[in-house]
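A short worksheet on the structure shown next.
We did not get these values from a lab; they are worked out from the coordinates using the rules stated. Just so it is clear, the structure is predicted and the values come from calculations on it, not from any experiment. As a convention, Cβ positions derive from the backbone with ideal geometry for all residues, glycine included, and neighbour counts pool all protein chains shown.
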Amino acid sequence: MLRDAVCLPVNKYFRVSTDRLIFQILSRVDGDWKPLNYDLLYVAQCVFIADCLSPRTCIGRREFWLTIPVYEYEVWANSAASNALQAVLEFGSGDIWSFEFIKRPDLISITASQGCLPGMQLYVNHRVQTCLLSEGLDSLAGLTTQLLNDSKSFFLATFALIQPQCYRRVKEIVEHLNRIFGKRVILMPVVLQRSRKRFLGNEELSQRTRSFLLAITANVAALSAKSQSVSIFENGLEAFDFTTRDLMMPGDAGRPMHPIFLSRLSDFITTLVGQPFEFRLPFLFKTKSQMLASVTSHAHIVERTVSCIHFPRRKPGASQCGICIGCQLRRIALRAVGLVDPDLQYDLQFDAEVIDETNHELISTRAKFAQLTHRLQSILEAEEPITDLLQFSGLAQKQYEELFSASARVAGIPVKCIGEHLLGLYAQFKNEYERAILLANAYQNGNKDGLHNNNICSVSEGGVT
């Protein structure tokens, strides 16, 4: 609980000050200085620091009371905006948040005097879509699909630069896409690196508000570019987080891009800025392998993406661990579309052709996935499968209705279709996992060509065939 805290070290905790971050954004989009955008970014930084500097000491909820100086005091003092912010954070972090906003006395003016970057001039007379980009496989697949489906839009890809290793990979990905699609991706790195190691010794490892900081960063970029939405490229299995919670270590499970979280975030921004703003999940009802349909011919750039939740690992050897939930879902998806990462990228292969019986962590991971698919099979065969699936969601029963409305909102489909789409998503994943294990067994039995033959397994709108 931070009620006794005197000050959160915002400009000491981050390598780049809030002033400089706003300048970076404005210089890329030739936007106007708006104090409210500064406030948004500063509030998100304060929330993230408070979360990091308050390690969880028990399973119960933490309680935060933050006093934050803002420029647009009248806007933030509105109880509707404050309540909407609390609702976002309580769902995303599982904690209790209270805020008091005070007026900043020192109104500053930030001007991007040199104008927008040369690459931004290309889209002045074109439609611009803002998206959140990362070094992950979903980001590559989602952005590639959007570029293929929309040949006229430019994409302002906001990347939260936290690790230099990640930035190099993202830059390669964007350069590759721009060679193919005519320089329609404008990369906007926003530096959110932390500066002082003395703050890192006793941090809360789950950092559940990190997604809030990333989403607000993209939101500020979108508002500065006069865009009214942000697209987030996340597969449905990880967005809903129904089943993956059981595959993670206790305390690590969060709701980083859950439909309810993003729908509440849309409500908060809309209330705050006084105009409609939406966070979208265009691939909410797709598995990772279904998202990969657009990148199967780009294997060399797929290898530059990472899915490991421990990346960068800061030790010699493989870049990815191989058995965290990110690595697991990645390998299942790649096998489903006939692609395989080099084994040297991983310390361990949870779907390895030959299992090391002495590695208990690996054996445990395989067992959890087997239990998961068995449970999904039971749910899908039940008389009321959607009811059983919702009980598997980790949500309270009173949140089921909000789940349906939020999912419809962020995915852009009718509410009446949500139940059918949910069941289809998890049936698809179950089939993909079972096929991945079958392909691994085929490899073990001597059919090594099978793993690279797209005719064995293809992914379509209807599922795995």
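Say the cut-off is 32 Å between C-alpha atoms; which of K183/K286; K103/K152; K171/K398; K226/K286; K171/K416 go over it?
Numbers: K183/K286 27 Å; K103/K152 43 Å; K171/K398 43 Å; K226/K286 29 Å; K171/K416 40 Å.
Checking Cα-Cα distances, K103/K152; K171/K398; K171/K416 exceed 32 Å.
Apply the Kirkwood formula to segment 126-288: the hydrodynamic radius equals the inverse of the mean of 1/r over all pairs of different alpha-carbon atoms; give it in Å with one decimal. Please report the intermediate quantities before stating the final value.
Numbers: mean 1/r = 0.0597 Å⁻¹.
Here the Kirkwood hydrodynamic radius works out to 16.7 Å.
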Report summary line: Amide H contacts under 5 Å for V306, restricted to residues at least 5 apart in sequence or on another chain and with H modeled in the peptide plane, are G136, L137
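What's the extension gain from V10 to K416 if we count 0.36 nm per residue and subtract their Cα-Cα distance? Spell out each step's value before the answer.
Numbers: separation 406, 0.36 × 406 = 146.16 nm, distance 4.45 nm.
Taking 0.36 nm per residue and subtracting the Cα distance, the gain is 141.7 nm.
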Requested in this report: Quickly work out the I180-to-S151 label distance, labels modelled 7 Å from Cα along the C-beta direction, and quote it in nm with one decimal.
Outcome: 1.6
